[in-house]
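For reference, the structure is listed below as structure tokens.
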Amino acid sequence: MAKRDYYDVLGLSKGADPAAIKKAFRTKAKELHPDRNTDNPDAEAQFKEANEAHDILKDPEKKAAYDRYGHAAFEGGTGASAGHGQRGGFHGGGDFASAFSDVFDDLFGDFSGGRGGGGRQRATRGSDLRYNMRVTLEEAFAGQQKTISVPTSVSCDGCNGTGAEGGAEPVNCPTCSGMGKVRAQQGFFTVERTCPTCSGVGQIIKNPCRSCSGAGRVQKERSLSVNIPGGVETGTRIRLSGEGEAGMRGGPSGDLYIFMDVKEHSIFKRESEHLFCEVPVSMAAAALGGEVEVPIIDGGRSRVKIPAGSQSGRQMRLRNKGMPHLRGGGSGDMFIELAVETPVNLTAKQKELMEEFQELSKDNNPGVSKFFSSVKSFWDTMKG
């Protein structure tokens, strides 16, 4: 089957300039890429045909030979082909990767906002920013609106972010014709390098903006209102889309990430959505039982019954009195942990009563009796 005319393959007229060839190939490659045409069995062959056409027409020497001799210039055996010694199609990994670098980026987008290598992207995504915010436990419980000041880069008003004076559009680099790369012949090899004039951007600004020196953005401190949802904890990350640094030359802005840090509380200890509160009680209250008033994180209070005979470490649960779940769906619990306090600075009368109580309470301390019984058994065993 005879080969189709390379210009027809790309939908071009003969004599098209490099920029038109590049644009036509990008369009055709996106249209025919096999990943986008899984139901078209001919897509892969058509895709390779478009790449073969682009590989020839993008090279000035090959294009000149093709314009003069057609496909015969690369089929061998003619005077025209002797100077080139190559066939159309895929000429090794280097040329293949170079041909597809632009198309791959156009098809799948720019993940990080800027390209490596050739850097042919006109506009560059701004950097993401991080802001560390410290809040109290009460603020983390209730949630609130906070205003923060963020030093960042914003789009230049003088050039509308283009980097050119008066908002004029950048023009194609004359050195690389907008390709972002230049080629140099070294013996049998063609070396491709980043264009030294435009640094791989593919465009230059003739009259850089005086306000931003051509960057398209300026440094400025911005005030932002941030909604802190109830239930945040240390390590919670809040993302504000598009509130990071402005992009270079009109590129999209990055994002702002706010990392939360919740201060330690003097009364409550937190574990995930649950709160713990250690409540000291007198020895008499623990022995006889009674009530104790405890604080709640929302500012309220609750009365808790202490069962008679309570020991240190005993826990009681107040349901739904903990921290709210960050994504809704109720709240955690609050746990009251008793700490039985031994009286100090006793008066003579108190000592006398305590000694009397001790004599009368030998059968009221099962833990003590059990422990010393175990100790006696241990010593008897050691004596053998």
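Every number here is computed from the coordinates shown, using simple stated rules; none is lab data. Just so we're clear, the structure is a prediction, and the values are computed from it rather than from any experiment. Because the Cβ atoms are built from the backbone with ideal geometry, glycine has one as well, and the counts that use them run over all protein chains shown.
Checking 175, 197, 190 one by one, the residue that is of a type in the set (Ser, Thr, Tyr) and without any contact (Cβ under 8 Å) to a residue 12 or more places away in the chain is 190 and no other. For region 275-293, a tally of residues being crowded, with 17+ Cβ neighbours inside 10 Å and in a strand (DSSP E or B) returns 4. Answer yes or no: is there a residue in region 302-324 that is in contact (Cβ under 8 Å) with a residue 60 or more places away in the chain and under 20 Å from residue 236 (Cα atoms). Among the residues of region 302-324, at least one is in contact (Cβ under 8 Å) with a residue 60 or more places away in the chain and under 20 Å from residue 236 (Cα atoms), which makes the answer yes.
Which residues, taken from region 232-263, are among the aliphatic types (A, V, I, L, M) and touching a residue at least 24 places away in the same chain (Cβ under 8 Å)? Spell out how you get there, then give the answer.
If we filter region 232-263 for residues that are among the aliphatic types (A, V, I, L, M), which is where we start, we get 232, 238, 240, 246, 248, 256, 258, 260, 262.
Hits for region 232-263 are 232, 246, 248, 256, 258, 260, 262.
Hey, does region 229-252 have a residue that's within 25 Å of residue 21 (Cβ to Cβ) and either out of contact with any Phe, Trp or Tyr (no Cβ under 9 Å at 6 or more places or on another chain) or not in a loop (DSSP other than H, G, I, E, B) (or both)? Within region 229-252 (the criterion being within 25 Å of residue 21 (Cβ to Cβ) and either out of contact with any Phe, Trp or Tyr (no Cβ under 9 Å at 6 or more places or on another chain) or not in a loop (DSSP other than H, G, I, E, B) (or both)), the answer is yes, since at least one residue qualifies. Just to verify a result, which residue in region 29-55, among those that are aliphatic (A, V, I, L, M) and under 13 Å from residue 8 (Cα atoms), is surrounded by the fewest Cβ atoms within 10 Å (Cβ to Cβ)? Checked region 29-55; the qualifying residue surrounded by the fewest Cβ atoms within 10 Å (Cβ to Cβ) is 50.
The residues listed here are 29, 72, 24, 64; of these, the one that is in contact with a Leu (Cβ under 7 Å, 6 or more places away or on another chain), part of a helix (DSSP H, G or I) and among the small types (Gly, Ala, Ser) is 24.
Selection of region 210-261 for residues being of a type in the set (Asp, Glu) and surrounded by 20 or more Cβ atoms within 10 Å (Cβ to Cβ) yields 243, 245.
Filtering region 190-207 to residues that are assigned to a strand (DSSP E or B) and more than 13 Å from residue 163 (Cβ to Cβ) leaves 190, 191, 192, 193, 194.
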